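Working notes, beginning with the structure itself.
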Amino acid sequence: MIRDWSNFIGGRTALITGSGAGIGRAISMHMARAGAEVWINDVDQGRADSVVAEIEADGGKAHTVIADVCDPTSVREMVATTGPLDILVNNAGTGVRAFGAGGVPLVPFAESDPADWESVMRVNLTGVLHVTHAYLPDMLEQKWGRILTIVSDAGRKGERRQVVYGAAKAAAMGFARGLATEVGRSGVTVNCISLGSMRHGPLAEAADADPELERKMASGYPVGRLGKVDDPAPLAVLLCSDAAEWITGQVYPVDGGYAPAL
Ligand SMILES: NC(=O)c1ccc[n+]([C@@H]2O[C@H](COP(=O)([O-])OP(=O)(O)OC[C@H]3O[C@@H](n4cnc5c(N)ncnc54)[C@H](O)[C@@H]3O)[C@@H](O)[C@H]2O)c1
């Protein structure tokens, strides 16, 4: 029975990629509150530093490490800075350019420009491979590790106009399932959390400006609302704890019931 979360992953070091904002920031805050020492990775120094400051103000332990997860040289430098980890959360990712967000245009596949595909595959798949490949050997050596990748229902269920993004996320799930079978006997678990639409960033601004848009989007969710950035964090902490040693190779939806698990 879990009586106290405050030290649930105490003594563990964790790195959350792309954690200068959004979901990664929220997971980092929860992991720090659960006792882990966290590395905040991002390409944006200002964002990463502000999350570190927030965690420290909250009584936690955190450090910034700037690196582009898609660049193997940058990833090697990141590993040299952090040293071995216990917990890796592959969160950095970009989707489609909806509501003014970064990413590729929200268009049907037939109208997509092949020049846009590469960047989506790079950050959502190749970046996951590079960072996992870099940290895995030490996890295998220490016979303990938790690898968690943040994916999307666009890859699990399929969503129109997000086909290449969905393909990259589906590939990241296939990678996690396969890797789980290779490393299970070394005490390393590999799982994914699959998200629906989260109300933050440009989507939150669009929803604030147009309540009808939010009502329409939320109506597709049995829980009746869009996601909050904190929604996936408690499950992320649980999956990265000792308590989850018999959970591996799985993809868990945190999506208000939008697309039931297969
Ligand atoms: N927001 C959603 O509705 C939603 C839905 C499903 C899945 N997801 C997934 O959740 C994850 C987080 O999404 P978010 O909405 O919080 O993103 P976000 O854009 O709010 O934040 C992502 C952070 O990652 C950083 N980043 C981008 N590329 C990077 C790189 N190459 N190396 C290091 N850092 C990089 C950015 O600077 C940014 O601070 C992503 O993998 C995304 O695909 C999000």
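The values are calculated or read from the model by the stated rules, or taken from the named source; none is laboratory data. A quick note: this is a predicted structure, and the numbers were derived from the prediction, not measured. In this analysis, Cβ positions are derived from the backbone assuming ideal geometry, glycine residues included, and neighbour counts consider all displayed protein chains. Protein only, heavy atoms only, side chains kept; ligands, DNA and RNA dropped before computing areas. Shrake-Rupley method; radii C 1.70, N 1.55, O 1.52, S 1.80 Å.
Amide H to amide H distances under 5 Å link Lys61 with Val38, where only residues 5 or more positions off or on other chains count and H is placed in the peptide plane.
Run the accessible area of the stretch 96-206 with a 1.4 Å probe and give the carbon-and-sulfur part as a rounded percent.
Roughly 54 percent of what the probe reaches on the stretch 96-206 is carbon or sulfur.
As a length-normalised measure over Cα pairs under 8 Å and 6 or more apart, the relative contact order of the chain settles at 18 percent.
The overall shape of the chain is rounded: from the C-alpha gyration tensor, with semi-axes ordered a ≥ b ≥ c, the ratio a/c is less than 1.5.
Using 0.36 nm per residue and subtracting the Cα-Cα separation, the extra length available between Ile247 and Trp5 on full extension is 85.2 nm. When exposed loop sites are taken as trypsin sites (Lys or Arg not before Pro) in a DSSP loop with at most 11 other Cβ atoms within 10 Å, the longest stretch of the chain clear of them is 4-142. Quick one: pull the percent of accessible area on the stretch 1-95 belonging to carbon and sulfur, 1.4 Å probe, ligands and nucleic acids left out. That fraction is 48 percent. The residues of the chain have, on average, 47 Å² of accessible surface per residue, using a 1.4 Å probe with all protein chains present. Structure note, pairs Lys61/Lys216; Lys169/Lys228; Lys157/Lys228: Cα-Cα distances above 31 angstrom occur for Lys61/Lys216.
With the simple spin-label model, which puts each label point 7 Å out from Cα in the Cβ direction, the Ser74 to Gln45 separation comes to 1.4 nm. The local environment of Asp208, defined by Cβ-Cβ distances under 11 Å, has a net charge of -2 under the rule Lys, Arg +1 and Asp, Glu -1.
Contour minus end-to-end for Leu140 and Glu182, with contour as 0.36 nm per residue of separation and end-to-end as the Cα-Cα distance?
14.1 nm
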